[in-house]
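Step one of this worksheet: look at the structure below.
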Amino acid sequence: MSSAPQVSGVEIRGEWLDGYEEILTQESLGLLARLQREFGSRRKELLQQRAVRDAEIAHGALPDFLPETEQVRQSDWQVAPPAPGLIDRRVEITGPTDRKMVINALNSGAKVFMADFEDSNTPTFSNMVTGQLNLRDAWLRQIGFTSPQGKAYVLVDKVATLVVRARGWHLPERHVLVDREPVSGSLFDFCMYMTTSAKIAIEKGFGPYFYLPKLESHLEARLWNDVFCYAQEALGIPTGTIRATCLIETILAAFEMDEILYELRGHSAGLNAGRWDYIFSMIKKFRTRGAEFQLPDRADVKMTVPFMRAYTELLVKTCHARGAHAIGGMAAFIPNRKDAEVNDAALAAVRADKQREADDGFDGSWVAHPDLVPVALEVFDAKLGDKPHQLDRARDDVHVTRAQLLAAKETPGQVTEAGVRNNVSVGIQYLESWLRGAGAVAIFNLMEDAATAEISRSQIWQWVRGGVSTAEGIPVTPGWIRSVAEEELEKIRASVGEEALRAGRYDEAHKLFEEVALADDFVEFLTVPAYERLAE
């Protein structure tokens, strides 16, 4: 049995298993300690700045384009040219880092695979470490998997470019302590990948590429850039080898897209329209602002509603003005091979969604399932032809204002009983899966992750606090939500069967959902209290 290396000030509290010594090495833990000591206090200060801005919004302030950075927005500059493997990104597939998923995603025919340590992953210690092992093995082409039924999975010759999404700045890694404090989850994920896979990727002609989630300001992007510079110097890797695509998935980041690209310009690989978290951010940031920011049923908040159109068009214009890729949002549909009518309608909706993105000038888009790769490829192939991207489309016709970005009240639709029940059911089912260690789960023909669960519970919170009644005339009160949760839980129990009930954590998920949906004080991220309930 191997044991953890001894590094001054570093304590590992997660269960140590054979093989972990290949990831948690003297080098990786030593660099992690240095990064945590160098940047940990800045991270805390930036998180405190988030709290200050939240309080300002709650007291009536509205976000705006920053006057102090107007020169950045008005001046002429470009990000670094696209890196090898990131020139043509017309279709990207996303998913967690379990072995089978990694193989299937790399084999899917997509141009890029975003291996996710964040929203589609439960951060058990084993998930975080074995996920890194799986990515290292994928780079070495030593990865394989055999299902319980005996089906073997191996890599094909031509695979997608691997990009890693680290956790957001707000998330800790409680299983590893530096100087008696839990390290940043962001720094842990980044450091483990850099010390185990980066040099292999470089030797193969690529590089360590990342997706950066949940940014709320350009100062948070600046922190990432400083981390990149520090790590590259420490590991003897040329500056600029790291490339990062930032997810614009908060309303505050939408006002700082130019600035975020500028801070990362030597390491930038563009921006992505993280649609689900963006909707969650709109709800969360203005949750106490009444009818002006009241959104209808989640199903009605489509990409074509005014505030979402403003955000995505501004993203394309901003990226292309700076020579950066603009990547579209997630198609979360899971093909239903048992119901051809449902399947055909959903695929038509996916195709229309990708057609809109291609027509708007996006250089690529996301899908959640391998069966959707050909659908998205067909659309972008028709638009791009032999061109790898649409960076030459300047979108000078786009002029987005502050009011357009904040136009939540212009979203058509209603709050319905069916919408409330869907939110409650999805929330409970997702949290049950998350607590068992699976952060991506198919529910009602959609791939749900933490972002969509966040929408579900935050809408309930907002509707309850706003005194909303459904279109059927039912007041959305805490008591009614609790009765709906009981009824939906019984439906879930009846549908999953006795074996799943015995193995599941449905009662805990039910309790946690009510906690994050009905608490007097809004819980900023549901994964934070959920993290405390993990068995390991």
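The values are calculated or read from the model by the stated rules, or taken from the named source; none is laboratory data. If you're wondering where the values come from, they're calculated on a predicted model, not measured in any experiment. Heads up, the Cβs are rebuilt from the backbone with ideal geometry, glycines too, and the neighbour counts pull from every protein chain shown.
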Review point. Just checking, which of Gly473, Gly467 is in contact with a Pro (Cβ under 9 Å, 6 or more places away or on another chain), outside the structural domain of Met282 (by TED's automatic domain parsing) and not in a helix (DSSP H, G or I)?
Key: Gly467
Check your understanding: Are any of the residues in the range 137-146 assigned by TED's automatic domain parsing to the domain that holds Ile200, over 23 Å from the mean Cα position of the chain (by Cα) and among the polar types (S, T, N, Q)?
Key -> yes
Practice item. Say whether the condition of being surrounded by 15 or more Cβ atoms within 10 Å (Cβ to Cβ), in a loop (DSSP other than H, G, I, E, B) and of a type in the set (Val, Ile, Thr) is met by at least one residue in the range 43-58. Key: no
Check your understanding: For the range 1-35, how many residues are of a type in the set (A, V, I, L, M, F, W, C), in the same structural domain as Val227 (by TED's automatic domain parsing) and closer than 22 Å to Asp137 by Cα?
Key -> 7
Study note, to complete from the structure: In the set Asp277, Asp226, the lone residue that is of a type in the set (Asp, Glu) and under 14 Å from the mean Cα position of the chain (by Cα) is Asp277
Point to revise | Among (1) farther than 19 Å from Phe513 by Cα; (2) among the polar types (S, T, N, Q); (3) over 21 Å from the mean Cα position of the chain (by Cα), the one test that Asn445 misses | key: (3)
**Study point:** Given (1) of a type in the set (Phe, Trp, Tyr); (2) in contact with a strand residue (DSSP E or B) (Cβ under 7 Å, 6 or more places away or on another chain); (3) under 30 Å from Val464 (Cα atoms), index of the condition Phe280 fails
**Key:** (2)
Exercise for review: Within the range 8-25, track down each residue that is under 12 Å from Leu133 (Cβ atoms) and acidic (Asp, Glu).
Suggested key: Asp18, Glu21, Glu22
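Residue-wise test of (1) of a type in the set (Phe, Trp, Tyr); (2) on the phi > 0 side of the Ramachandran plot; (3) surrounded by fewer than 24 Cβ atoms within 10 Å (Cβ to Cβ); (4) touching a His at 6+ places or on another chain (Cβ under 7 Å).
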| site | (1), (2), (3), (4) |
| --- | --- |
| Phe380 | yes, no, no, no |
| His399 | no, no, yes, no |
| Arg402 | no, no, yes, no |
| Glu410 | no, no, yes, no |
| Glu432 | no, no, no, no |
| Ile443 | no, no, yes, no |
Revision key, fill the gap. Among (1) under 17 Å from the mean Cα position of the chain (by Cα); (2) on the phi < 0 side of the Ramachandran plot, Gly270 falls short only on (2)
Check your understanding: Do we find that Leu314 is closer than 28 Å to Ala407 by Cα, in contact (Cβ under 8 Å) with a residue 24 or more places away in the chain and assigned to a loop (DSSP other than H, G, I, E, B) in this structure?
Key -> no
**Study point:** Residue list for the range 109-128, restricted to those being in contact with a helix residue (DSSP H, G or I) (Cβ under 7 Å, 6 or more places away or on another chain) and surrounded by fewer than 23 Cβ atoms within 10 Å (Cβ to Cβ)
**Key:** Gly109, Thr122
Exercise for review: For residues that are within 30 Å of Glu70 (Cα to Cα) and either part of a loop (DSSP other than H, G, I, E, B) or touching a Gly at 6+ places or on another chain (Cβ under 7 Å) (or both), tally how many sit in the range 177-219.
Suggested key: 6
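For Glu216, indicate whether it is surrounded by 22 or more Cβ atoms within 10 Å (Cβ to Cβ) and either of a type in the set (S, T, N, Q) or touching a Leu at 6+ places or on another chain (Cβ under 7 Å) (or both).
yes
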**Study point:** Sole exception among (1) of a type in the set (Gly, Ala, Ser); (2) under 22 Å from Ala310 (Cα atoms); (3) surrounded by fewer than 18 Cβ atoms within 10 Å (Cβ to Cβ) for Ala332, by number
**Key:** (3)
Study note, to complete from the structure: Expected output for the range 173-202 (first residue within 12 Å of Met128 (Cα to Cα) and assigned by TED's automatic domain parsing to the domain that holds Leu235, partner crowded, with 21+ Cβ neighbours inside 10 Å and among the charged types (D, E, K, R), Cβ below 7 Å, 6+ apart or cross-chain) is Gly185/Arg167; Gly185/Glu173; Ser186/Arg167; Phe188/Glu173; Asp189/Arg167
**Study point:** Pair list, Cβ under 6 Å, 6 or more apart: the range 481-495 residue within 19 Å of Trp461 (Cα to Cα) and assigned by TED's automatic domain parsing to the domain that holds Ser458, other residue in a helix (DSSP H, G or I) and of a type in the set (S, T, N, Q)
**Key:** Glu488/Ser425
